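Values quoted throughout were computed directly from the atomic coordinates according to the rules given, and no laboratory measurement underlies them. Source: prediction; values computed, not measured. Every residue, glycine among them, receives a Cβ derived from its backbone with ideal geometry; neighbour counts consider all protein chains shown.
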Amino acid sequence: MASIKKAIIYGFIVWLIPFLNSFLFYSREGDLKIKLMFYKSIMLIIGISIGTVFIIKYFMIAKNKFLKEGVLLGSIWLIINWGLDFAILIPISKMSIDNYFYEIGLRYLCMPILTIAFGYMLQVKLRDFSSN
């Protein structure tokens, strides 16, 4: 990997920013201030936007084997995000594991999908560039 340290730090940031932003939408009593589907849409946009920024930052330091980098980066981020949710979000929300995956957890699969797509695209472009 280009930088395991940066992959881990970026994975933590990609989890932390949406997590902190989520508090803006809840009252002190823990009630959601806006409609649930609107909240979920906002959180998805925040998460994908932050994730995309850090995918780009990560791939700027990668030198080769971009597809492999994408697979590893996406896997690391998925594990970090699920792990932090299990350690922090699920206990705070008192959400069941089933509900967690139904409502939140499966959405994290966007991470490896995006990192693998970026890696694949860079790999193909590098191959095309090298053959010309």
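Among the residues of region 87-102, those that are exposed (fewer than 14 other Cβ atoms within 10 Å of the Cβ) and either in a loop (DSSP other than H, G, I, E, B) or touching a residue at least 12 places away in the same chain (Cβ under 8 Å) (or both) comprise Ile88, Lys94, Ser96.
Counting the residues of region 103-132 that are of a type in the set (Val, Ile, Thr), assigned to a loop (DSSP other than H, G, I, E, B) and without any contact (Cβ under 8 Å) to a residue 12 or more places away in the chain gives 0.
Of the listed requirements (1) in a helix (DSSP H, G or I); (2) free of Cβ contacts under 8 Å to residues at least 60 places away in the same chain; (3) not hydrophobic (A, V, I, L, M, F, W, C), Gly30 misses just one: (1).
Return yes or no: is Phe12 more than 10 Å from the chain's Cα centre (by Cα) and over 15 Å from Ile113 (Cα atoms)? No, not satisfied. The residues in region 15-36 that are within 18 Å of Gly51 (Cβ to Cβ) and over 11 Å from the mean Cα position of the chain (by Cα) can be counted, and the count is 4.
Going residue by residue through region 65-83, is there one that turns out to be among the β-branched types (Val, Ile, Thr) and over 16 Å from the mean Cα position of the chain (by Cα)? No, region 65-83 has no match at all.
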